[in-house]
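Data block below; observations after.
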Amino acid sequence: MAVTLTVPVVIFPIRSSVTQLLWAGKEFSWWRHCSITVVLLAFTNVLVIFVPTIRDIFGFIGASAAAMLIFILPSAFYIKLVKKEPMKSVQKIGAALFFLSGILVMTGCMTLIILDWIHTDASDGH
């Protein structure tokens with residue numbers, strides 16, 4: 001029931017983002033519009049069928065989104081947008097180190113989540 005009611009709300013921004021990312025200069029096409037929608041719905045249904053708990057999805061998305069919002073994006077924006085500081089300044093070097101630590105945190109968290117999936121599945125006997 002939750003998937004049926006929330007997918008139409010979420011499908012519009014996802015479809016718009018995919019269209020803008022891959023076909024920004026092209027004019028609207030019903031075939032492309034419907035194809036993207038079908039692929040997104042199929043992917044959603046596969047996740048609903050094969051992922052046993054929503055905890056797994058929240059953990060994976062949380063591990064990636066938290067590191068992106070806390071570490072990676074602020075430092076990347078600082079490096080890209082602040083033009084008055086040279087790249088060898090203390091602030092930009094610190095931002096670059098913060099960026100790299102964010103990638104390490106995200107990689108470590110995702111690795112631990114995947115290892116938890118593997119060991120949980122192995123111990124359940126499935």
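Once you have all Cα-Cα distances for the chain, histogram them in 10 Å bins from zero and send the whole-percent values. All Cα pairs, binned at 10 Å, distribute as 11, 25, 27, 26, 10, 1 percent. Among the trypsin sites (Lys or Arg not before Pro) found in the range 1-99, those both in a DSSP coil and sparsely packed, with 13 or fewer other Cβ atoms within 10 Å of their Cβ, are LYS26, LYS83, LYS84, LYS88.
Taken per residue, the accessible surface of the range 7-57 reaches 80 Å², heavy atoms only and a 1.4 Å probe.
Mean residue ellipticity at 222 nm, helices only, the chain: -27500 deg cm²/dmol; runs of at least 4 DSSP H residues each add -39,500 (n - 2.57), and the sum is divided by the number of residues. According to a simple spin-label model (label point 7 Å from Cα along Cα-to-Cβ), what is the distance in nm between VAL90 and LEU69? Going from the LEU69 label point to the VAL90 one covers 3.1 nm.
On full extension, the segment bounded by ILE14 and VAL39 gains 7.9 nm, given 0.36 nm per residue less the C-alpha separation. Rolling a 1.4 Å probe across all protein chains gives THR53 an accessible area of roughly 60 Å².
Across ASP116, ASP56, the residue with the most accessible area heads the list, and the full order at a 1.4 Å probe is ASP116, ASP56.
The values are calculated or read from the model by the stated rules, or taken from the named source; none is laboratory data. As the structure is a computational prediction, the values presented were derived from the model and not from experiment. Cβ: placed from backbone, ideal geometry, glycine included. Neighbour counts: every protein chain shown. Ligands, DNA and RNA are excluded from the accessible area calculation, which covers all protein heavy atoms including side chains. Shrake-Rupley method; radii C 1.70, N 1.55, O 1.52, S 1.80 Å.
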